[in-house]
1. Which of the following values of Rg/Rh (Cα atoms, Kirkwood Rh) was calculated from the structure shown: [x] 1.05; [y] 0.95; [z] 0.92?
2. Using alpha carbon centroids, what distance separates segment 1-55 and segment 66-104, in Å?
3. Quick one: length gained pulling Thr113 to Ala9 fully straight, 0.36 nm per residue minus the C-alpha distance?
4. Measure of size requested: the Rg and Dmax of segment 49-140, with Cα atoms as the atom set and Å as the unit; please supply both.
5. Quick one: among Ser149, Ser47, Ser110, which has the greatest mean-square fluctuation in a GNM of the chain with alpha-carbon springs under 10 angstrom?
6. So which trypsin sites (Lys or Arg not before Pro) in segment 46-127 pass both tests, a DSSP loop state and at most 11 other Cβ atoms within 10 Å of the Cβ?
7. Can you give me the relative contact order of the chain as a percent, contacts being Cα pairs under 8 Å and 6 or more apart?
8. Report the label-to-label distance for Asp159 and Asp141 in nanometres (one decimal), using points 7 Å from each Cα along the Cα→Cβ vector.
Amino acid sequence: MRIDEELFALAVALGRVAQARGAVIATAESCTGGLLAGAITAVAGSSDWFERGFVTYSNAAKVEDLLVPTETIERYGAVSEQTAAAMTVGALKASRANWSASVTGIAGPSGGTSAKPVGTVCFAWAGPGGATSTQRLLTGDRAEVRRHSVAIALRGLLDRLA
């Protein structure tokens, strides 16, 4: 996916706020497959405020790289607010960042259930004050769900840093 003007503008704004606040950011992604980190690193100079990104597409990667408790995934599922929160906290623990965002969801076209249909995406953000998480039902095809997810994650970081 190409980084469009809106995502680029959000990443530029995030970079300005992060630098002004002395924030260093890490990302933890599943359904977006690195697109969030890609939007951030499209900004020249992002190495001054972006530390690293984790693409943890499998449950094993979430457990191994981000220290998400196996019990969390078994009890709530990989697509849950609880897993998203554990991912974002894990990104902080496994990096030198002081802020993080995570995304885990079902981008489609398959993989949905009646309880968690295609378009179900969970987000979490963590910083010095702890972690917050939320779940959204996004519409559109796979590319649109992933793009909207990146925008929500960037906006969430901006809101928390502003």
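Taken together, the values in this text are just the output of simple stated rules run on the coordinates, not laboratory data. Bear in mind the structure is a predicted one, so any value in this text is a computation, not a measurement. All Cβ positions, glycine included, derive from the backbone under ideal geometry; neighbour counts span all protein chains shown.
1. Given [x] 1.05; [y] 0.95; [z] 0.92, the structure-derived one carries the label [y].
2. Centre-to-centre distance over Cα atoms comes out at 18 Å.
3. 34.0 nm
4. Here Rg and the maximum Cα pair distance are 12.9, 40 Å.
5. Ser110
6. Details: sites: Arg52, Lys62, Arg75, Lys93, Arg96; in loops: Arg96.
Listed in order of number, the matching sites are Arg96.
7. Result for the chain is 24 percent.
8. Each label point lies 7 Å from its Cα, and together they span 2.9 nm.
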